[in-house]
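The values are calculated or read from the model by the stated rules, or taken from the named source; none is laboratory data. All of these numbers come straight from a predicted model, not from anything done at the bench. Cβ placement follows ideal geometry from the backbone for every residue including glycine, while neighbour counts extend to all protein chains displayed.
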Amino acid sequence: MFEKTLNDMIKGIRANPQNEAAYLATCITECKGELSSTDTTVKQHAVLKLMYMHMLGQDVSWAAFHFVDLMASPRFRGKRIGYLAAAQTFTDATDVMLLTTNLLRKSFASSVHHDASLALNSLSVMATPDLSRDLLQDVTNLLSSSRPLVRKKAVIALYRLLRRLPEALPTAFPRLREKLDDPDPNVVSCTVNVLTELATENPKGYLGLAPALYQVLTTSSSNWTLIKVVKFLRQLVPHEPRLAKKLVQPLTHLIETTPAKSLQFECLYTVASTMADSSPQLAQLTATHLQGFIETSDPNLQALGLLALAELQRADKALVEPCRDAILKCLDDQPTVRQRALSLISGMVSRASLPGLVAKLMGQLYTSESSYRDEVIEVLLAAVKAESFSHVPSFRWLVTTLFALAALPSKHDADVAQLLVEVTLRVQSVRGFAAEKALEVLETALDQMAGASLPGLLQPDATLYAAAWVLGEHSSQLPPSSQLRSLEVLLCPAVASLSPSVQAACVQAAPRVLVHLPKVESALATLDRPGATCQGDEAAALRALVRSTYGALCRFYASPHLEVSERATSAAEVLVLVLGAGAHARHGAELGSSAKLMHAPAALGAVALGGREPSWTDPSAGGATAATPLAAPSKALLSHAKGPFLVNLLGDADGEAFGAPAQPEDAGAPKEKRRRRKHRSSDAAGGEAPLVTL
């Protein structure tokens, strides 16, 4: 009479929040003494306390034998506590599990149906493969009990046994099938539940149940049973097309008459996912009712309606078109509803509706969280690429949209940049416009860097990389003034503040922009004619341009990033190669393949974009390491390699680049020094200067 009850222990735990572990250890010690008592009531209280401590995370496996002992109690209260403790704590590794087999059989055969019900409850939780094998026949026999409660719980316990012992399904299936015709609706409901779960893995093996399920569908008045039957039939329809025609009439009746939204949704979802192709009229009725779902104020019904509309859209997009306005309104709703609506957008696009859809979604990007922004951008990319861009009204509009998307940081930065490059490659008419937008993007980014803007305001690296690539590839589509500005932007000092990948792209694009400048193309064409020379203002302008370009490239030689340094070196060597070849052509030398490079300025870009080649600045040559900074070639080597024409053009290029003031040539130099310089040039012109090879 002085033992603690469960209520006393709970109060003690709450009164000792700081020493709970110590208090529980004391309680366990007390329970061990109480379990050895001969008083059944004391043992029952001890087991109840152990069950509560088990829920708190304490190990009570040491008391498993006492639980079995209490399961054999002649009194129902003690038996119920014992079975509850076993169901809560026993596992497959419990060593006393074998002792429960005979106890369960004894309870199944008891004349008190509550004992059988109690045993079935526990078995449906703690069944092991061995218990399932030993007690399968006993549980199957209980399906014929005169008590509906026992039959219902036997069906549920049978599901657990068949899960633990799948090879027993052929034996138990006929008896389980009979329960679909049971006079008690609760037994039928449990049977439908069990069969629905069993059929999930292999629906085709349960086609023989279709007639019995159809009978339940047309006669049952339980909404819960009808929901399960509809779910079951939805699994069978793909394996038996004739079943879809048979279900049209009962499903139509349920959709139009039932007041239960849950049952109505299951019918609508079944039609949308499996029967839209076989029954167009029922599919149209389904679309009408689903529109009512998404137009309600209940977010749960809206989410369910959008889920079913997504299935209906896969079958026929035209059925979802009348719901367009209602779906677009859902984009302003709660996050769950908004995400469901997004999944429908990419399938609703057309040439007329795409700009409006994109404009609405773009308006949400600037105020939404990053996760939702990523989803929106993914949907937008899928929408514009749908059916090979057939819905795009204008590729200028598409380029503008892509640049706007590229300005927003997201996990799809690389995808947007790749699509931007793809569009400029495939659509020739939009290349000039894309080059203009790319120039604007690079100018804005560099202005932000020069103005010490926050890094978070800059364009993503993938966007700047794509902009540099587009500018280098299609700069010939720009006006001459914009071409020159492009070259200045690509090689300006602020580029060194960008990421290495963007720097490399800018250095790589610069030679392409250079060879497409009108004055360079004109000079190369002039030098290609025998006896032609560049003189006067034309030569001075070309000299200033080449000196600035070469000096800007030299600035990237010492970059700590190997890729940037290597590309700058290659670009400078190509510049030397082409203009040096022009000088040899002027002097009548046999150039072979080098002369072809001058006939096609675009080939210069191909060389600049080509693979890595050894050169006199290659860090891997001569025992240098990858960490060695690349230095500009010496003037003596340039004088020997370039030929007199390029020496005159480049001059002192080491210290002159875009952004640095150009010094007048020979300004203030003594007359004798100018004479010696002229003499050296004449000597170099008289000999065969070798070409710089890549």
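Residues in the range 27-57 that are surrounded by 15 or more Cβ atoms within 10 Å (Cβ to Cβ) and within 53 Å of the chain's Cα centre (by Cα): Cys27, Ile28, Val47, Leu48, Lys49, Leu50, Met51, Tyr52, Met53, His54. Among the candidates Ile294, Ile345, Ile327, which residue alone is buried (at least 19 other Cβ atoms within 10 Å of the Cβ), within 22 Å of the chain's Cα centre (by Cα) and not hydroxyl-bearing (Ser, Thr, Tyr)? Result: Ile345 is the single residue among Ile294, Ile345, Ile327 that is buried (at least 19 other Cβ atoms within 10 Å of the Cβ), within 22 Å of the chain's Cα centre (by Cα) and not hydroxyl-bearing (Ser, Thr, Tyr). When you scan the range 421-447, how many residues do you find that are buried (at least 21 other Cβ atoms within 10 Å of the Cβ) and among the small types (Gly, Ala, Ser)? Of the residues in that region, 4 qualify. The numbered conditions (1) buried (at least 17 other Cβ atoms within 10 Å of the Cβ); (2) more than 16 Å from Gln477 (Cβ to Cβ); (3) at pLDDT 90 or above are all true for Leu408 except (3).
The residues of the range 350-367 that are over 13 Å from Thr401 (Cβ atoms) and either crowded, with 16+ Cβ neighbours inside 10 Å or of a type in the set (S, T, N, Q) (or both), listed by number, are Ser350, Ser353, Gln364, Thr367. None of Asp415, Asp374 is under 21 Å from the mean Cα position of the chain (by Cα), more than 30 Å from Gln477 (Cβ to Cβ) and surrounded by 14 or more Cβ atoms within 10 Å (Cβ to Cβ) except Asp374. It is to be established whether one or more residues within the range 227-246 are over 16 Å from Thr286 (Cβ atoms) and of a type in the set (Gly, Ala, Ser). There is no residue in the range 227-246 that is over 16 Å from Thr286 (Cβ atoms) and of a type in the set (Gly, Ala, Ser).
Does the range 561-575 contain any residue that is touching a residue at least 12 places away in the same chain (Cβ under 8 Å) and assigned to a loop (DSSP other than H, G, I, E, B)?
The first filter runs over the range 561-575 and keeps only residues touching a residue at least 12 places away in the same chain (Cβ under 8 Å), leaving 561-575.
Imposing the further condition that a residue be assigned to a loop (DSSP other than H, G, I, E, B) reduces the set to 561.
Yes, the range 561-575 contains at least one residue that is touching a residue at least 12 places away in the same chain (Cβ under 8 Å) and assigned to a loop (DSSP other than H, G, I, E, B).
What do you reckon, is Ser486 small (Gly, Ala, Ser) and either modelled with pLDDT under 85 or surrounded by fewer than 23 Cβ atoms within 10 Å (Cβ to Cβ) (or both)? Considered against the rule, which asks whether it is small (Gly, Ala, Ser) and either modelled with pLDDT under 85 or surrounded by fewer than 23 Cβ atoms within 10 Å (Cβ to Cβ) (or both), Ser486 comes out as no.
Entry remark, the range 373-406: residues being of a type in the set (A, V, I, L, M, F, W, C), in contact with a helix residue (DSSP H, G or I) (Cβ under 7 Å, 6 or more places away or on another chain) and outside any helix (DSSP H, G or I) number 1 in total. If we scan the range 147-156, do we find a residue that is out of contact with any strand residue (DSSP E or B) (no Cβ under 7 Å at 6 or more places or on another chain), of a type in the set (Gly, Ala, Ser) and at pLDDT 95 or above? Within the range 147-156, one or more residues are out of contact with any strand residue (DSSP E or B) (no Cβ under 7 Å at 6 or more places or on another chain), of a type in the set (Gly, Ala, Ser) and at pLDDT 95 or above. The single condition from (1) out of contact with any Lys or Arg (no Cβ under 8 Å at 6 or more places or on another chain); (2) over 18 Å from Val216 (Cβ atoms); (3) assigned to a helix (DSSP H, G or I) that Asp138 fails is (1). As a summary of the residue check, Asp277 satisfies the conditions (1) in a loop (DSSP other than H, G, I, E, B); (2) under 18 Å from Leu357 (Cα atoms) except for the one numbered (2). For Gly208, the criteria (1) surrounded by 16 or more Cβ atoms within 10 Å (Cβ to Cβ); (2) over 23 Å from Val150 (Cα atoms) hold in every case but one, which is (1).
Counting only residues that are surrounded by 15 or more Cβ atoms within 10 Å (Cβ to Cβ) and of a type outside the set (A, V, I, L, M, F, W, C), which one in the range 377-395 is farthest from Ala434 (Cα to Cα)? Step by step, filter the range 377-395, then rank; the result is Glu378.
Inside the range 328-363, can you point out the residues that are in a helix (DSSP H, G or I) and more than 17 Å from Leu306 (Cβ to Cβ)?
Residues of the range 328-363 that are in a helix (DSSP H, G or I), as a first pass: 328-330, 335-345, 354-363.
Answer for the range 328-363, where residues must be in a helix (DSSP H, G or I) and more than 17 Å from Leu306 (Cβ to Cβ): Leu354, Pro355, Gly356, Val358, Ala359, Met362, Gly363.
Just checking, does the range 330-346 include any residue being farther than 27 Å from His289 by Cβ and in contact (Cβ under 8 Å) with a residue 40 or more places away in the chain? For the range 330-346, residues farther than 27 Å from His289 by Cβ and in contact (Cβ under 8 Å) with a residue 40 or more places away in the chain: absent.
Quick check on Ser548: is it modelled with pLDDT of 85 or more and either buried (at least 20 other Cβ atoms within 10 Å of the Cβ) or in contact with a Lys or Arg (Cβ under 8 Å, 6 or more places away or on another chain) (or both)? Break it down into steps so the answer makes sense when it comes.
On the way: modelled with pLDDT of 85 or more: no; either buried (at least 20 other Cβ atoms within 10 Å of the Cβ) or in contact with a Lys or Arg (Cβ under 8 Å, 6 or more places away or on another chain) (or both): yes.
For Ser548, the condition - modelled with pLDDT of 85 or more and either buried (at least 20 other Cβ atoms within 10 Å of the Cβ) or in contact with a Lys or Arg (Cβ under 8 Å, 6 or more places away or on another chain) (or both) - is not met.
What is the residue count in the range 75-118 for residues that are part of a loop (DSSP other than H, G, I, E, B) and farther than 22 Å from Leu149 by Cβ? Residues flagged as part of a loop (DSSP other than H, G, I, E, B) and farther than 22 Å from Leu149 by Cβ within the range 75-118 amount to 7.
Of all the criteria given as (1) in a helix (DSSP H, G or I); (2) closer than 18 Å to Val230 by Cα, the one not satisfied by Asp325 is (2). Just the residues that are assigned to a helix (DSSP H, G or I) and of a type in the set (Phe, Trp, Tyr), please, taken from the range 1-53. Tyr23, Tyr52, listed by residue number. Only a single criterion out of (1) in contact with a helix residue (DSSP H, G or I) (Cβ under 9 Å, 6 or more places away or on another chain); (2) free of Cβ contacts under 8 Å to residues at least 24 places away in the same chain is not satisfied by Ala64, namely (2). Can you find, within the range 170-202, the residue that is modelled with the lowest pLDDT among those that are within 44 Å of the chain's Cα centre (by Cα) and of a type in the set (Ser, Thr, Tyr)? Among residues in the range 170-202 that are within 44 Å of the chain's Cα centre (by Cα) and of a type in the set (Ser, Thr, Tyr), the one modelled with the lowest pLDDT is Thr200.
Count, please, the residues in the range 92-140 that happen to be of a type outside the set (Val, Ile, Thr), within 51 Å of the chain's Cα centre (by Cα) and within 17 Å of Gly78 (Cβ to Cβ).
Within the range 92-140, the subset of a type outside the set (Val, Ile, Thr) is 92-93, 95, 97-99, 102-111, 113-124, 126-127, 129-138.
Filter once more, keeping what is within 51 Å of the chain's Cα centre (by Cα): 92-93, 95, 97-98, 117-124, 126-127, 129-137.
After this cut, where a residue has to be within 17 Å of Gly78 (Cβ to Cβ) as well, the list is 117-119, 121-122.
Adding up the residues that qualify gives 5.
A single entry from Ala119, Ala93 fulfils the requirement of being under 22 Å from Arg163 (Cα atoms) and free of Cβ contacts under 8 Å to residues at least 24 places away in the same chain: Ala93.
Listed here are the residues, each with its yes/no results for (1) in a helix (DSSP H, G or I); (2) at positive phi; (3) among the β-branched types (Val, Ile, Thr); (4) surrounded by 21 or more Cβ atoms within 10 Å (Cβ to Cβ).
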| residue | (1), (2), (3), (4) |
| --- | --- |
| Val230 | yes, no, yes, yes |
| Pro238 | yes, no, no, no |
| Lys246 | yes, no, no, no |
| Gln249 | yes, no, no, no |
| Ala272 | yes, no, no, yes |
| Gln281 | yes, no, no, no |
| Leu285 | yes, no, no, no |
| Leu301 | yes, no, no, no |
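Here Glu369 fulfils each of the conditions (1) in contact (Cβ under 8 Å) with a residue 24 or more places away in the chain; (2) within 22 Å of the chain's Cα centre (by Cα) apart from (1). Residue-level check: of (1) modelled with pLDDT of 95 or more; (2) of a type in the set (A, V, I, L, M, F, W, C); (3) touching a His at 6+ places or on another chain (Cβ under 8 Å), Leu207 misses just (1).
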